[in-house]
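Step one of this worksheet: look at the structure below.
The values are calculated or read from the model by the stated rules, or taken from the named source; none is laboratory data. Note that the coordinates shown come from a computational prediction; the quantities given were computed from them, not determined experimentally. Virtual Cβ from ideal backbone geometry, glycine too; neighbours counted across all protein chains shown. Calculation scope for accessible area: heavy atoms of the full protein, side chains included, ligands and nucleic acids excluded. Shrake-Rupley method; radii C 1.70, N 1.55, O 1.52, S 1.80 Å.
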Amino acid sequence: MQYKIKEQFRNIPDEFVTSQMAGQARDLVPADTQVQFSNAREQIRVLTQAVGRMRDISQRMAERSARQANDLLLLGNELSGLSNDTSTVSSWACGNVDKLTSLRQSFRHLPKEFTALQEKLHQQALREEEGVVEKLNFLKDLLSAYKDLCERLEKGVMSDHTRALSKMGSFKKQMMKSTLKGAEANEVDRLESKIIEQESEINTMENRNYFSLHCVHLETQLVHANVEILANLVHTMVSVQIRGHNELAQVWEQVQPMVENMLPISRTSSPASSQPSPASPAFNGT
């Protein structure tokens, strides 16, 4: 993809060629820009790592809400399956205390409430995804773009400028050697011409370097202008959690009365009390 983009824009002039500010770049760059840029870049690097981790955490929170929604739906389905069981419970199995049938009847109204819980959690997952994760994705993309810009500045303009200076040094050494050896005038003229061309190229690269530093300064300010997104998304996260927990609490409170008296009041004698103990004669067959 990057190769195709480069091919498409290969012959299109870049910002340095088209911008009216390119010629004033030296005046736009403060003397301490390199130091300030280095400090700001480190701060933004730390911020980028933190935002990336926050995005991953928020993504897991949204995924947990979605999984919990699915689990509650499955739990409701199991309760529904038990409530629809119409098989007869014999006195032989229950010892004349049929709790299973009572539970089946009590479970009939619960699946509807668990479906409501599932819907609330599904909405919670959507709010977490759209209100928090997407904002963090936007901020992460912005910070990643800034990181890429800094790397292009280092590997591109600054690196080209360094190579051009090295090349100029090489030409000057050749010129000095040729002069000391008494080389022919044509050779000296050729080296002088190369030095003049290289000086012009270095001047252009220096202007590009200043213009790039000015651009990265503006991009740094853009990053700081968007840092307020962090405050907005933390506020959104708190609001989403409050709303989601309140909605869930309301449904759970509706469920509570349904589960408090699922079984009838126990009889005075329990099946366990009517059974012979292992130490009794009936148990030993005596």
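Looking across segment 227-252, just one residue is β-branched (Val, Ile, Thr) and under 13 Å from Glu119 (Cα atoms), and that is Val251.
When residues in segment 239-255 are screened for being open to solvent by 80 Å² or more (accessible area, probe 1.4 Å) and either closer than 28 Å to Glu154 by Cα or of a type in the set (A, V, I, L, M, F, W, C) (or both), 2 of them pass.
Set side by side, the residues Leu126, Leu143, Leu103 differ, and just one is within 26 Å of Ser58 (Cβ to Cβ), assigned to a helix (DSSP H, G or I) and open to solvent by less than 60 Å² (accessible area, probe 1.4 Å), which is Leu143. Every test in (1) under 17 Å from Leu153 (Cα atoms); (2) crowded, with 16+ Cβ neighbours inside 10 Å is passed by Leu230 save one, and that test is (1). Restricting Met258, Met205 to those that are open to solvent by less than 80 Å² (accessible area, probe 1.4 Å) and either at pLDDT below 65 or over 30 Å from Ser144 (Cα atoms) (or both) reduces the list to Met258.
Only one of the numbered conditions (1) in a helix (DSSP H, G or I); (2) out of contact with any Cys (no Cβ under 8 Å at 6 or more places or on another chain) is not met by Arg41, and that is (2). Looking only at segment 72-92, residues that are part of a helix (DSSP H, G or I) and open to solvent by less than 90 Å² (accessible area, probe 1.4 Å) come to 12 in all.
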